[in-house]
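No value in this document is a laboratory result; all are computed from the given coordinates. Note that the structure is predicted; figures quoted are calculated from it, not measured. Note that each Cβ is placed from the backbone with ideal geometry, even for glycine, and that neighbours are counted across all protein chains shown.
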Amino acid sequence: MATPRVSVIGLGAMGLPMASHLTAEFPVTAFDVAAQQRARAAEQGATPAASPAEAAADADVVLLALRDQQQVDEALFGAQGAASTLRSGAVVVLTSTVGPQAARATAARLTDQRFVDAPVSGGPARAGTGDLLIVVGADDEALAIARPVLERLASTVTVIGPNPGDGQALKAINQLLAGVHIAAAAEAVALARGIGLDPGVVIEALSQGAASSFMLADRGPRMLEAYGDGAEVRSRLDIFVKDMGIVGELARDAHVPTPLAAAAHQLYLIGEKAGLSAADDSTIVTVLSPKD
C-alpha cells in the first residue's frame with residue numbers, strides 16, 4: 001500500500017516520542033487531552049487534532065499510547081472516540097499494557113476494523129530513536145498494514161501469535177521481570193545506605209559484575225536523584241501498580257505461584273499509598289530507606 005497515514009492517540013511519556021519519530025516517514029495526526037502535548041507534537045511535525053475522532057478520521061493506522069484500559073475505552077468508544085470515524089479496514093495498534101482479556105475485549109468491539117496487539121517496552125528515550133521492543137499478537141493482514149509503523153518504532157518486533165492478547169501475555173512476563181528487578185535494585189540501594197556505604201559507588205561497582213541488571217544500571221542513578229532534587233519522571237510508579245496487578249491476575253488464572261512478583265506489587269502499592277503514584281518508579285527506594 002502507499003505510505004500509511006498514522007494517527008497517534010496519547011502523547012505522554014511514550015506516545016510523544018513515538019509520534020515524533022514517526023513524523024520523519026509518515027504523515028502523523030496526533031491527539032492528547034492536554035493541549036500542551038498537542039502543541040509539542042505539532043512542533044515535531046505532527047498535525048494536532050481536537051479529538052480522537054478527528055485524529056482517526058483519515059488514518060490507515062491508529063496507534064494508541066495510553067495509560068490503562070479506561071483511557072483506551074474512552075479514546076476509542078467515548079463521545080468523541082476514534083471508533084466513530086475509523087474507516088473500514090483501518091488498523092488499530094494498541095501499544096499500551098492492559099492485559100490479554102482487555103485486549104481481546106477491545107478487538108471484539110472493533111467489528112469493521114483490524115486490530116494489532118502490540119505492547120511496547122524500552123522507555124521514552126528508546127521510543128524517540130526507534131529502538132523499542134514490540135511484542136505482537138495479530139493476524140497476517142492486520143500485521144502487514146501495521147508493520148512499517150512498528151518497524152519504524154522498534155529495533156525488535158517479535159510476533160507471538162495471531163490473536164489479540166498474545167502480545168499482552170508476553171508483555172506481562174516482561175513486566176514481571178522489570179518490576180521485580182526495580183524492587184531488588186531498590187532493596188540493594190536501601191541496604192547500602194543503611195549500613196553506611198556510598199550508594200553511588202555500590203551501583204557503579206555492581207553494574208560491572210554478575211549482580212548487574214538493566215534496571216540496576218538505569219534506575220540506580222535515578223534512585224540517587226530521588227534523594228536529591230527528585231528523579232525526572234520517565235516511568236510513573238503507578239504504571240507498575242497496574243502492571244504487577246496484571247501479572248498477578250494471569251498467575252492466579254494459570255495457578256502459577258509468583259511470590260517475588262507479589263512482593264514487588266505490594267511494595268509499589270505501599271509507594272502509591274505514600275503519595276508516589278505520579279513520581280518516577282525509582283522513588284520506590286525512598287519507601288525502603290526514607291530521605292534523611
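Computed from phi, the 3J(HN,Hα) profile of segment 117-122 under the Karplus parametrisation 6.51, -1.76, 1.60 (θ = phi - 60°) reads 8, 9, x, 10, 9, x Hz, with x in place of Gly and Pro.
Find out how many positive minus negative residues lie around G130, taking Lys and Arg as positive, Asp and Glu as negative, among other residues whose Cβ is under 9 Å from that of G130. Every neighbour counted, the sum reads 0. Averaging the Cα positions of each part gives two centres, and for segment 213-247 and segment 130-169 these lie 26 Å apart. With a simple spin-label model that places each label point 7 Å from the Cα along the Cα-to-Cβ direction, the separation between A210 and D140 comes to 4.7 nm. Ordering F240, F77 from the fewest to the most neighbouring beta carbons within 10 Å gives F77, F240. Here the gap between E151 and E225, fully extended at 0.36 nm per residue and compared with their Cα-Cα distance, gives a gain of 23.3 nm. What does the charge add up to near E25, with Lys and Arg as +1, Asp and Glu as -1, over the other residues with Cβ less than 14 Å from its Cβ? Net charge in that neighbourhood comes out at +1.
Mean residue ellipticity at 222 nm, helices only, the chain: -15000 deg cm²/dmol; runs of at least 4 DSSP H residues each add -39,500 (n - 2.57), and the sum is divided by the number of residues. Near L66, the amide H atoms lying under 5 Å from its own belong to T95, S96; only residues 5 or more places off or on other chains count, and H is placed 1.01 Å from N. Listed by Cβ neighbour count within 10 Å, with the fewest neighbours leading, I246, I284, I173 appear as I173, I246, I284. A cut-off under 9 angstrom between Cβ atoms defines the neighbours of R222, and their net charge, with Lys, Arg +1 and Asp, Glu -1, is -3.
Figure legend: label point modelled 7 angstrom from the Cα of A263 along Cα→Cβ; residues of segment 181-209 with amide N under 17 Å from it are 181-192. Sequence gap at least 6, Cα distance under 8 Å: using those rules, report the relative contact order of the chain to the nearest whole percent. Across the chain, relative contact order equals 13 percent.
For segment 60-92, the residues whose amide N sits under 20 Å from a probe point set 7 Å from the Cα of T111 along the beta carbon direction are 73-92. Taking other Cβ atoms within 10 Å as a rough exposure proxy, H255, H21 sort from fewest to most as H255, H21.
Straight-line reach from K171: taking Cα to Cα under 29 Å and skipping same-chain neighbours fewer than 8 places apart, the lysines in range are K242, K273. Here is the size of segment 169-288 from its Cα atoms: Rg then Dmax, 14.1, 43 Å.
Taking the DSSP bridge list for segment 115-249 and keeping only pairs wholly inside it, about 35 percent are antiparallel.
Here segment 6-163 carries DSSP beta bridges of which approximately 10% are antiparallel, counting only pairs with both residues inside. Dividing the convex hull volume of the alpha-carbon atoms in the chain by its residue count gives 134 Å³ per residue.
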